[in-house]
1. Of the residues ALA81, ALA100, which is at pLDDT 95 or above, open to solvent by 30 Å² or more (accessible area, probe 1.4 Å) and among the aliphatic types (A, V, I, L, M)?
2. Any residue that is open to solvent by less than 20 Å² (accessible area, probe 1.4 Å), in contact (Cβ under 8 Å) with a residue 40 or more places away in the chain and in contact with a strand residue (DSSP E or B) (Cβ under 6 Å, 6 or more places away or on another chain) - is there at least one of those in segment 205-219?
3. Just to be sure before I move on: is GLU278 in contact (Cβ under 8 Å) with a residue 60 or more places away in the chain, within 19 Å of the chain's Cα centre (by Cα) and open to solvent by 40 Å² or more (accessible area, probe 1.4 Å) in the structure I sent?
4. How many of the residues in segment 226-273 are within 17 Å of SER13 (Cβ to Cβ), in a helix (DSSP H, G or I) and not polar (S, T, N, Q)?
5. Residue by residue through segment 1-49, note down the ones that are under 19 Å from ASP74 (Cβ atoms), open to solvent by 60 Å² or more (accessible area, probe 1.4 Å) and at pLDDT 90 or above.
6. Tell me, please, whether a residue that is modelled with pLDDT of 95 or more, aliphatic (A, V, I, L, M) and surrounded by 17 or more Cβ atoms within 10 Å (Cβ to Cβ) can be found in segment 222-235.
7. Condition first: within 27 Å of HIS301 (Cβ to Cβ) and either more than 17 Å from the chain's Cα centre (by Cα) or surrounded by fewer than 19 Cβ atoms within 10 Å (Cβ to Cβ) (or both). Can you find one or more residues in segment 123-140 that meet it?
Amino acid sequence: MRYVPLDTPKPISKIGLGTWQFGSREWGYGPDYEQRAAQIVRRALDLGVTLFDTAEIYGFGRSERILGAALRDDRAKVVVASKIFPVLPLAPVVQQRAVASAARLGVAGIDLYQVHQPNPVVADTTTMRGMRALQDVGLVGEVGVSNYGLRRWRFAEAALGRRVLSNQVRYSMVDRGPEQDLIPYAEQAGRIVIAYSPLGQGFLSGRYDARNPPAGAVRRANPYFLPENLERGTELIATLREVADAHDATPSQIALAYVLRHPSVVAIPGASGVEQVERNAAAAEIDLADDEHAALVTAAHAFRPVTGLAAVPKLIRARTRK
């Protein structure tokens, strides 16, 4: 396993474990999935994974409880990250919700406490006042944000008066927006971009095509999995397979290696089983050659999916047919 080259109290692994699926029925993994969660977490620990990310909204607290129980005595040795869903994130509310998350996780302190979404009404000034108080009493180690643009990330940091260590955003070969400003800022300022959905929710795995679309409510709501977009992604998947063959790897591992090539980026893919955790962790060791990276960049730029408003009627029709 490789780790982020930053001065943090605990090392942060380049591959973490995202736990949205812990206790969340919408992923469609079935009722036995919670029983597998402990095996997934224990194997991740064995492989050197130190970053475990959850949120109070995941399974309405169930994800935090499941993760905390699975970590057991190792909770103090790893970076436990959670997120507050910012409904009225005033300073006292932020403090109360952090206490509740820590209790569900079974930890004395949350290593990285993040604002899940920017609130369009409540300014970060009051939210960060709550975060600063949590840091002052030792309940929170580092503060992070999620889904923030660069300007608001920097404003949040000014409001906190300390570093806002991380910004957790959607980043993958098919969602490359962070490459424009967030990643350069992180590299310059000594901050971290945490990439969620680094495999495009499985789009980049090569498992799906127009004749074999995914199941599960989350993926069915993602326009990337429209038959038209699965067809448009054929060349991108082919390039991933070509590079993967050269490394005796899978397309998913190469897609992860693509985002991890940036020193300031860590990825938090989820996992439905122990084998997937093992494959994800192994991706941290893959070094892409310059020509391989260039080929992936070219293929990613050539992929032009139907998204936004144009995808809405297609998504409705696709769901109606099921």
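1. Values: ALA81 fails: open to solvent by 30 Å² or more (accessible area, probe 1.4 Å).
Answer to the check: ALA100.
2. So far as segment 205-219 goes, no, none of its residues is open to solvent by less than 20 Å² (accessible area, probe 1.4 Å), in contact (Cβ under 8 Å) with a residue 40 or more places away in the chain and in contact with a strand residue (DSSP E or B) (Cβ under 6 Å, 6 or more places away or on another chain).
3. Details: in contact (Cβ under 8 Å) with a residue 60 or more places away in the chain: yes; within 19 Å of the chain's Cα centre (by Cα): yes; open to solvent by 40 Å² or more (accessible area, probe 1.4 Å): yes.
So GLU278 fits the description; yes.
4. Adding up the residues that qualify gives 4.
5. The answer is TYR3, PRO9, PRO11, GLN39, ARG42, ARG43, ASP46.
6. Taking segment 222-235 first, the residues modelled with pLDDT of 95 or more are none.
So far as segment 222-235 goes, no, none of its residues is modelled with pLDDT of 95 or more, aliphatic (A, V, I, L, M) and surrounded by 17 or more Cβ atoms within 10 Å (Cβ to Cβ).
7. Applying the first criterion (within 27 Å of HIS301 (Cβ to Cβ)) to segment 123-140 yields none.
Checked segment 123-140: no residue is within 27 Å of HIS301 (Cβ to Cβ) and either more than 17 Å from the chain's Cα centre (by Cα) or surrounded by fewer than 19 Cβ atoms within 10 Å (Cβ to Cβ) (or both).
The values are calculated or read from the model by the stated rules, or taken from the named source; none is laboratory data. Model, not experiment: these values are computed from the prediction. We place every Cβ from the backbone using ideal geometry, glycine too, and count neighbours over all the protein chains shown. Ligands, DNA and RNA are stripped out before the accessible areas are found, and what is left, the full protein with its side chains, is counted by its heavy atoms. Shrake-Rupley method; radii C 1.70, N 1.55, O 1.52, S 1.80 Å.
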